[in-house]
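Since the structure comes first, as structure tokens, the remarks are kept for the end.
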Amino acid sequence: MIKRILPYEGLLHEVVEHAGVLYVGGIVPEDTSLDMSGQANDVLGQMSRLLETLGSDMSNVLQVTIFMTDLSEKAALNAAWKAHFAEAHLPARAAVGVADLGPGVKLEMTAMAARPTEN
């Protein structure tokens, strides 16, 4: 069964769940005045809160795709990344350079995370 969660403006659902996997749509920073580190912390914080609401957490993230407007800012992204993921629970990841994500937006992330089942 496919479960669609958090509809957004008639365009998408923020999360779709199937077979215990949460597919998280693109998350962008709420505060676009921040630098890359700040925007990365903002997005990863949003992801963490969303997963907790859905019965999962950052230790269950399987894969993240990061769209960045400036790949030269990867070091700042990596610093925020390490603050949100324990080394034992690092997910697979890809960073993709893009031309534009909207005014002031430096990155957008999508993710797949397991939703643990109760035994």
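One table, with the values for the structure above:
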| quantity | calculated |
| --- | --- |
| Of Ala92, Ala40, Ala80, the one that fluctuates the most in a GNM where the chain has Cα springs shorter than 10 Å | Ala92 |
| Contour excess over end-to-end distance, with Cα ends at Asp70 and Val96 and 0.36 nm allotted per residue | 8.4 nm |
| For the chain, the longest site-free run once GluC sites (Glu not before Pro) in DSSP loop states with at most 16 other Cβ atoms within 10 Å are removed | 31-117 |
| Gyration tensor (alpha-carbon) shape descriptor, the chain, a/c threshold 1.5 | oblate |
| HN-Hα J in Hz across the stretch 65-72 - Karplus 6.51, -1.76, 1.60, θ = phi - 60°, x for Gly and Pro | 10, 10, 9, 10, 7, 8, 5, 5 |
| Chymotrypsin sites (Phe, Trp or Tyr not before Pro) lying in DSSP loop within the stretch 53-119, provided at most 11 other Cβ fall within 10 Å | none |
| ³J(HN,Hα), Karplus 6.51/-1.76/1.60, whole Hz, each residue of the stretch 34-50, x for Gly, Pro | 6, 6, 4, 4, x, 5, 5, 4, 4, 5, 5, x, 4, 4, 4, 5, 4 |
| Amide H within-cut-off set for Ala95, under 5 Å, with H built and near neighbours excluded | Ile66 |
| For the stretch 1-106: relative contact order, % (alpha-carbon pairs under 8 angstrom, 6 or more apart) | 24 |
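Any read-out appearing in this document is the output of simple, stated calculations on the displayed coordinates, not a laboratory observation. Just so you know, these numbers come straight off a predicted model, no measurement behind them. FYI the Cβ positions are ideal-geometry reconstructions off the backbone, even for glycines, and counts take in every protein chain you see.
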